[in-house]
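K.L.:
Before we start, here is the structure in question, set down as structure tokens.
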Amino acid sequence: MTFEKMLEELERMKTKALGMGGPEKVARRKAENNLNARERLDLLLDAGSFVESGMFATSHRPEMRDRTPGDAKLAGFGNIEGRSVAVVANDFTVLGASSSVVNGKKIRHMREVASKSGMPLIFLGESAGARMPDRMGAEGRAILAQDPYEYRRLRESPWVSALLGACYGSSTWYACLSDFVVMRRGAIMAVASGRVTSMAIRQEIDSEELGGWKMHSEVSGLVDAVVDTDEEALAMVRKWLCYLPSHQNEAPPVHPVPAGSEGRGGRILDLMPENTSKVYDVRKIVETIVDLGSMMELKPRFGRSICTALARIDGGSVGIVASNPLFKGGAIDVDACNKVIAFLVLCDSFNIPLVFLVDQPGFLVGVDGERRAAPGHIMNWMNALALVTVPKLSVIMRKSYGQAYLNMGGGRNSDEVICWPTADLGFMAPQVGANVLFGVKEEEDPEKYHKLVDELSRDTSGWRLASLYEAQDVIDPRDTRDVLTQLLRVHRKRMGSGVGKHLLANWPTTF
Amino acid sequence: MAQTDVLSEINGSIWKILVKEGDSISEDETLVVVESMKMEIPVLAPVSGMVGKILVAEGQPVAEGEAIAYINH
């Protein structure tokens, strides 16, 4: 056969590259029930769609070339539900997927192609950090991670990170720059490993406490979703991308409306208690409004007094920002502020209309909030909201008190404000106001107290807001889905094919 | 066996205690209702297990972050 030796050489090189860190390390991973990087790519991408980039890359150091197949970070392109994506999958069997000069070039190429060609970029994280000796000394400074492009984010296309093992260095940094982060229980994300941190601060550190799923989903808020297995994490990445366009200059994909999506509004009257001192779980109300089964809540364990969720109405993607009185009575704390700001950035950057569902008693006041710069976060939210150019619809379900009325889309901060007949636009709960504003307690002066409560309750209804045309309609709660469907059609950005101006595209989403 | 504290996430007063020490409870079950901002706000079990000890009484004020009970699991 002609070219026989050349083709044999190609096969030999491929076999070596596909063998990753060698049979022993691959077998050890399997025994530990851990998927390897290539198995993860197979699960993530549509079957047979992966086109590898850099299969024959290795360390640039002659003494390491032989033991660095793929140079520890696999890269390439493939499809998810038929749409192109770029992907970087860390291969922990090769020097702990450490960051090197050559694999840094691979990441840069994936970033450039994803941005220029308009496709999502996915990072499958599991990495030990910077590689030694690549990073050592002045030479290390000169050749690795010195490029400002590496951490610049302009959101030309969506970025996703899955945290699937020990994540230090690049896996952590890219997760914090991503629009969606899913973490597998048992994975760790931190600046440095528990061992390094323990030595640095001379204190025993538990890795789970340092950067486990509970910490990141409940305290830092850096993780959007938590799952138990790699398979679930990769399925979650695929699911999240179904709500997103491939890039910032197109509208999100439209899906068929599932049968059974209509006619569920009657449940709202059962889910919302008539007694305003009773609370409820707003997520059940959201589920009745959006297309059947389309709700995907983000950060469900963080800043829980507001629920943020991607969903679909009439087949199109929407971003839901819903007060959840089940937690803190719906009072908005610093975590909830930060969660909403990150969500506004996501939706504005990728042309997803926003729907606010409001039942909030105001910002949560207290020393803790002030020490965490609550006023600054509240104003960041207002600034972000004013810069959002996707359609914004606000439905005032029950309370909308105080300054937070504006944060939740009140006034002209939404394209349309709709009230349910239960809407209450006071400045604060009238019973609290009588006490706080006038120092009158019921037990001390019941007559004066009740007079003040009556005065503070006057003209706080949605009807008054509608008569001033600050609310554009008062609707039967059961009709909410129909009304939102019509208004989303009205506000579809026809002049720009559903594409906004992306004024938030370079905002940070962690504070 | 591990022990997990059940914390109040808000300032208020204990309005109702719905469980007793020794009760088996599931994650997200309401253990106690705190009254705050004229609302009845449930305190949910962070994990499934058994109510180890209840540290508050009805009518008592409670601060954000204060332990209300603990669960053995």
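The numbers here are math on the coordinates, done by the rules we state, and not lab data. Values in this document were obtained by computation on a predicted structure and should not be read as measured data. Every residue, glycine among them, receives a Cβ derived from its backbone with ideal geometry; neighbour counts consider all protein chains shown.
K.L.:
Treating the angle as unsigned and between 0 and 90°, give the value, to the nearest 10°, between the Cα long axis of helix A:374-387 and the longest Cα principal axis of chain A.
P.N.:
Roughly 80 degrees, rounded to the nearest 10.
K.L.:
Something else about it: So for A:Cys337, A:Cys176, fewest C-beta neighbours within 10 Å to most, what's the order?
P.N.:
Fewest-to-most Cβ neighbours within 10 Å comes out as A:Cys176, A:Cys337.
K.L.:
Net charge near A:Ser349, counting Lys/Arg +1 and Asp/Glu -1 over other residues with Cβ under 11 Å of its Cβ?
P.N.:
0
K.L.:
222 nm [θ] for chain A, helices only, -39500 (n - 2.57) per DSSP H run of 4+, per residue, to 500?
P.N.:
Roughly -10000 deg cm²/dmol at 222 nm, from the helical runs in chain A.
K.L.:
Per residue, what volume in Å³ does the Cα convex hull of region A:298-367 take up?
P.N.:
Dividing the Cα hull volume of region A:298-367 by its residue count gives 81 Å³.
K.L.:
Computed on alpha carbon atoms, what radius of gyration and Dmax characterise chain A, expressed in Å?
P.N.:
That works out to 26.0, 105 Å for Rg and Dmax.
K.L.:
Here's a follow-up. In sequence order, what are the phi-derived ³J(HN,Hα) couplings for region A:295-307 according to the Karplus relation 6.51 cos²θ - 1.76 cosθ + 1.60 with θ = phi - 60°, rounded to whole Hz, with x for glycine and proline?
P.N.:
Karplus-based 3J(HN,Hα) across region A:295-307 equals 7, 10, 6, 10, 6, x, 9, 10, x, 6, 6, 10, 9 Hz.
K.L.:
With angles folded into 0 to 90 degrees, how steeply does helix A:230-241 sit against the dominant principal axis of chain A? Use alpha carbons for both and round to 10.
P.N.:
60
K.L.:
What number in nm² do you get for region A:4-241 if you take the convex hull of its Cα atoms and divide its surface by four?
P.N.:
Here the figure is 14.2 nm², rounded to one decimal.
K.L.:
Given the C-alpha centroids of region A:127-150 and region A:352-392, what is the distance between them in whole angstrom?
P.N.:
Going from one Cα centre to the other spans 39 Å.
K.L.:
Take the Cα pairs of region B:3-72, get the Kirkwood Rh, then feed it into Stokes-Einstein at 25 °C and 0.890 mPa s and tell me D in µm²/s.
P.N.:
212
K.L.:
Using all C-alpha to C-alpha distances in region A:124-244, build P(r) with 10 Å bins and read off the rounded percent in each one.
P.N.:
13, 39, 33, 14, 1
K.L.:
For the pair A:Ser49 and A:Arg372, what calculated FRET efficiency results from E = 1/(1 + (r/R0)^6), where r is the Cβ-Cβ distance and R0 = 51 Å, to the nearest 0.05?
P.N.:
Plugging the Cβ-Cβ distance into 1/(1 + (r/R0)^6) gives 0.70.
K.L.:
Can you give the translational diffusion coefficient of region A:421-475 in µm²/s, computed by Stokes-Einstein from the Kirkwood radius over Cα pairs at 4 °C and 1.567 mPa s?
P.N.:
The diffusion coefficient I find is 107 µm²/s.
K.L.:
Tell me, what does the Kirkwood hydrodynamic radius of region A:351-401 come to in angstroms if you use every pair of distinct C-alpha atoms?
P.N.:
That comes to 12.7 Å for region A:351-401.
K.L.:
What angle, in degrees between 0 and 90 and rounded to the nearest 10, separates the Cα long axis of helix A:334-349 from the longest principal axis of the Cα atoms of chain A?
P.N.:
70
K.L.:
Give the percent of DSSP beta bridges with both residues in region A:377-495 that are antiparallel, rounded to the nearest 5.
P.N.:
About 10 percent, rounded to the nearest 5.
K.L.:
So, one more: May I ask for the net charge around A:Gly260, where only other residues with Cβ less than 15 Å from the Cβ of A:Gly260 are counted and Lys, Arg are +1 while Asp, Glu are -1?
P.N.:
That sum, taken over residues with Cβ under 15 Å, equals 0.
K.L.:
Sort out for me the Cα centre separation of region A:34-65 from region A:206-224, rounded to whole Å.
P.N.:
Centre-to-centre distance over Cα atoms comes out at 28 Å.
K.L.:
Let me ask something else about it. Local charge sum around A:Ile306 (other residues, Cβ-Cβ under 10 Å, Lys/Arg +1, Asp/Glu -1)?
P.N.:
So the surrounding residues net to +2.
K.L.:
Roughly what would the spin-label model give for B:Ser13 and A:Arg195, points 7 Å off Cα along C-beta, in nm?
P.N.:
The answer from the label model is 5.6 nm.
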